[in-house]
Structure formats: C-alpha cells, structure tokens
Number of protein chains: 2
Amino acid sequence: MDILKEKIVTDGKVYPGNVLKVNSFLNHLIDVKLVTEMGKEFKRLYNDCEVTKILTIEASGIGLACVTAQFFDCPVLFAKKESTSNLSSNVYRTGIHSYTHGNDYQATIEKDFLKAEDKVLIIDDFLASGEALNGLIDLCAQASAEVVGCGIAIEKSFQPGGKELRAKGVRVESLAMVSSMENGKIEFDN
Amino acid sequence: MDILKEKIVTDGKVYPGNVLKVNSFLNHLIDVKLVTEMGKEFKRLYNDCEVTKILTIEASGIGLACVTAQFFDCPVLFAKKESTSNLSSNVYRTGIHSYTHGNDYQATIEKDFLKAEDKVLIIDDFLASGEALNGLIDLCAQASAEVVGCGIAIEKSFQPGGKELRAKGVRVESLAMVSSMENGKIEFDN
C-alpha cells in the first residue's frame, strides 16, 4: 500500500536492534485518515470472507481494528493483556511473549464474545516474531472460531513470524512488508 | 443519547460496589456501529471548537477516539500507561490512581505530539472519580495546549469526577449520565 510505505519512509525512525518507530502516525499519535485508508484496503482484500468479527489485542491495534470494522459492519473484540494470572473460568487465555518489552503476559477474551460460528479477521499494527498473532489464533481455536486471515499494517518480513504463519496455511495480508532497515534505509518486499 | 442509554439498560450489568459492566458493547467487545453514532454526537457537540487533536488514554478509549476523530478530521493521541517510571525527558508524564485496579501508574505522551497551538478534545469511555481525565488535562497543561472539553460515553454522575471538573470550568459532555444503580436498576440524569 503505497501511501503507508511512503509514510514509513518519511516519518518512520529506525533505531539500533531493528527497531522501527512509527509512533508519529500509527501507535501513539494516530493518523486516522491514513488508518481509514488501511481499513478500506483490508475490506478490499477480505471482502468475500463473510467476516463476522474483528479480533485484535490492546492497545495499539484497537484504533485500526475499529476503523476497519466500520467497512465490514461488524464488531471488534480486543484481547486484554494481563500480567497476573486470571483465574476466571469464563475466559479463554493464552500466553504471549513480548520481545519488545521482554516479558510474558496472558491475553484473555470472554468466552461469551467469541463463538464457533464466528468468522474472524485478526487485525494488528505490527507483525515481527508472530507471538501476538499466534496467541490470537490460539484464542480463536479455543472458541472453535474460524480465522479467515490476518490484516497487518507493517510486517517486518526479515523476521520469521509472517513466513511461519503462511507456512501453516494462515492467510496473512500485510500492507507494508519491510524487508530491510540496514543502515537506517528502509526497504520493502511488496 | 437515547440509543446508548437503551443499550446500557438492556446489555449493561450491575455488580456489587457500583460496578457497571458494559464490556459486551463498549470496552471489550465493541459495537462499532454504536460507537460511530457516539462519534457523530461528539462532533455535533464540539463542532464549533476547531478541534485539532483528540486525546485519550489506552486502552478502551482508543476505539471511540479514532472513530470520533474521523468526524473532526484530526489525529488521535493516546497516553500510554506505564507501571515503571519512565526516565525519558522527551515525554510529559502524570500520575494517575486507578480505583478499578487499585494501583497507581504513570501516563505519558511524547512532547513532540502535543503543542501549545493544539485545541484538544479529550475522549474516554468512562468518567467516575475523574482521575484519568484530570491526568489527561494535566498533560495538556504541561504542553500549554488548550482543552476545549471532554467527551465521555458513560458518566457515573453519583461519583464526584464530573461535578468537580465542571466546577473547575472544564466542559464535560457525557452521552449517558448514570445517576443510580441501586438494586441493579440503572437510572439516568440526562
């Protein structure tokens, strides 16, 4: 998606350790006009999939998920991050490792809100190691809900997450696939 | 706002300790169609205020803020919650006490993203004690940005937050004002 890639090149910042900071338009300050265009593009890609629910995880995926849901005319469910173990039996839970924060957490959703008849589009702002997406896919599996695919704003395609998910047969559509950030120069696969 | 009040009555759940759970349509599963109507209503209320930025706090305010921002054609900035002290000097930070979780946390925004020329509409899903709103207002004060007002989905008007803010001269518009939840019966002020 050209306008996203242009924005990444002009406003993204590369830091040591392959860190790409896009907090001036995606995950702190949010360029809602750009995000709306991204939602439209996800609708074009998944138009035929009869999506009944969009699933994301707090916090930075929520805006993109809600705007995208307007085009699918469906609700958004966001998994909650919990640092302490939730003993409630009315939630599905999955363990996720965050490479960004160097910790593990539990992501939970209430069982009532995800059902076997749901066709789920998973939306997130970033895909790198795939930890968060795998957790969200696991929550869908626990609910016997069908995952029609994943819609990602920015995939770091030089990290293994996307490749591994596609190898497992999961449809992953990433609007910008960053293939390299060497010497601060951002290059794309798509 | 009648459709929100009807939704609260039909789908909200009252628990001991004046807890009102609306996670089936507002802050876990999100009824994006309803949230879009709420965004339109905030636009009607604050139409003349030349809003340049919408400010909220993660996580459950982000969806409402992004959908609302579409009507104002402006970006969203969300304050980040940090349990550890952030020593970075390029952020504004404020301490907030959470009565819901019984803890204190720091909310931060990058200085680059909020400026003295900004006219800020603060959006959040709930107003009870006013802790979060006061923190967001403090962040705006640190940036010398003007707060044109606050747009709240549900205010618990039997708790002091809204009254205290209005007494200080802050404009607060709440789409549903819950005045009582005694014996599980939800009543409204507006």
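The values are calculated or read from the model by the stated rules, or taken from the named source; none is laboratory data. The structure displayed is predicted, hence computed values, not measured ones. Cβ atoms come from the backbone with ideal geometry, glycine included; neighbour counts cover every protein chain shown. Remember, those area values only see protein heavy atoms, side chains included, never the ligands or the DNA or RNA. Shrake-Rupley method; radii C 1.70, N 1.55, O 1.52, S 1.80 Å.
Computed with every protein chain present, the accessible area of B:ARG171 is close to 90 Å² [probe 1.4 Å]. When only Cα pairs below 8 angstrom with a gap of at least 6 residues are kept, segment A:94-167 shows a relative contact order of 34 percent.
Past the 30 Å Cα-Cα mark, which pairs from A:LYS33/B:LYS111; A:LYS81/B:LYS111; B:LYS33/B:LYS111; A:LYS43/B:LYS156; A:LYS163/B:LYS40; A:LYS156/B:LYS115? Flagged as over cut-off: B:LYS33/B:LYS111; A:LYS43/B:LYS156; A:LYS163/B:LYS40; A:LYS156/B:LYS115. Counting Cβ atoms of other protein chains within 10 Å of each residue's Cβ and taking the mean over peptide B:62-73 gives 6.
Computed on protein heavy atoms with a 1.4 Å probe, the accessible areas place A:THR94, B:THR52, B:THR100 in the order B:THR100, B:THR52, A:THR94, largest first. Between A:GLY130 and A:GLY161, the built amide H atoms are under 5 Å apart, and every one of these is 5 or more places off in sequence or on another chain. Here the protein assembly as shown is treated with +1 on each Lys and Arg Cβ and -1 on each Asp and Glu Cβ, and its dipole about the Cα centre works out to around 200 debye. Hey, quick one: spin label on B:ARG44, modelled 7 Å out along Cα-Cβ, who in segment B:1-35 has an amide N within reach, i.e. under 17 Å? From segment B:1-35, the list is B:1-7, B:33-35. Consider all pairwise Cα distances in segment B:1-87 and report the whole-number % of them above 21 Å. Result: 41 percent of Cα pairs exceed 21 Å.
The gain in end-to-end length when the B:GLU117 to B:GLU37 segment is fully stretched comes to 25.9 nm, 0.36 nm per residue minus the alpha carbon separation. For segment A:153-160, 3J(HN,Hα) computed residue by residue from phi via the Karplus equation (6.51, -1.76, 1.60; θ = phi - 60°) reads 6, 10, 9, 8, 6, 7, 9, x Hz, glycine and proline entered as x.
Simple spin-label estimate for A:ALA141 and B:ARG171 gives 5.2 nm between the two label positions (7 Å along the Cα-to-Cβ direction from each Cα).
Between the residues A:ILE8, B:ALA132, B:HIS97, the greatest Cα displacement towards the positive end of the dipole of the protein assembly as shown, with unit charges on the Cβ of Lys, Arg, Asp and Glu, is found for B:HIS97.
Sorted shortest first, the separations between the B:GLU146 label point and its copies elsewhere in the assembly read 5.3 nm; each point sits 7 Å from Cα along the Cα-to-Cβ line. Ordering A:ASN183, A:HIS28, A:ALA141 by Cα displacement along the dipole of chain A toward the positive end leaves A:ASN183 in first place; charges were set at the Cβ atoms of Lys, Arg (+1) and Asp, Glu (-1). Near B:LYS7, which aspartates and glutamates are there with a Cα under 12 Å away, not counting those fewer than 8 places off in the same chain? List returned: B:ASP31.
Across peptide A:20-30, the average count of Cβ atoms from other chains found within 10 Å of a residue's Cβ is 4.
Look at the dipole of chain B built from charges on Cβ: of B:LEU45, B:PHE71, B:GLY162, the Cα furthest out on the positive end belongs to B:GLY162. Relative to the dominant Cα principal axis of chain B, helix B:32-45 is inclined by about 70°. What is the sum of charges around B:TYR105, taking Lys and Arg as +1, Asp and Glu as -1, for the other residues whose C-beta is under 9 Å from the C-beta of B:TYR105? Residues close to B:TYR105 contribute a combined charge of -1. Amide H contacts of B:SER180: B:GLU187, each under 5 Å away and 5 or more positions distant or on a separate chain (H built 1.01 Å from N in the peptide plane; Pro and chain starts excluded).
Given a Förster distance of 22 angstrom, what is the FRET efficiency for B:ASP73 paired with B:THR10, based on the Cβ-Cβ distance and rounded to 0.05?
0.10
Over chain B, the Kirkwood radius and the radius of gyration, each from Cα atoms, give a ratio Rg/Rh of 0.95. When A:THR68, B:THR10 are compared by accessible surface with a 1.4 Å probe, the order from highest to lowest is B:THR10, A:THR68. Contact order for chain A, expressed relative to its length and based on alpha carbon pairs under 8 Å spaced 6+ residues apart, stands at 18 percent. Each other copy holds its own label point for A:LYS13; taking that point as 7 Å from Cα along Cα to Cβ, the gaps run 4.3 nm, nearest first. The Cα center of segment B:108-127 and the Cα center of segment B:26-98 differ in position by 8 Å. A cut-off of 5 Å between modelled amide H atoms, ignoring neighbours fewer than 5 places along the same chain, links B:LEU55 with B:LEU77, B:LEU121, B:ILE122, B:ILE123.
Averaged over the residues of peptide B:109-122, the number of Cβ atoms from other protein chains lying within 10 Å of each residue's Cβ is 1. Assuming charge only on the beta carbon of Lys and Arg (+1) and of Asp and Glu (-1), the dipole of segment B:53-190 about its Cα centre is about 160 debye to the nearest 20. Taking a point 7 Å from the Cα of A:GLU187 along the Cα-to-Cβ direction, the residues of segment A:1-17 with backbone N closer than 16 Å to it are A:9. Only protein heavy atoms count here; under a 1.4 Å probe, B:LYS33 has an accessible surface of about 130 Å².
With helices as the sole contributors, chain A gives -8500 deg cm²/dmol at 222 nm; each DSSP H run of n ≥ 4 counts as -39500 (n - 2.57), and the sum is divided by every residue.
Apolar share of the accessible surface for segment B:44-190: 44 percent from carbon plus sulfur atoms, 1.4 Å probe. Solvent-accessible surface of protein heavy atoms, probed at 1.4 angstrom with all chains present, puts B:ASP112, A:ASP138 in the order B:ASP112, A:ASP138, largest first.
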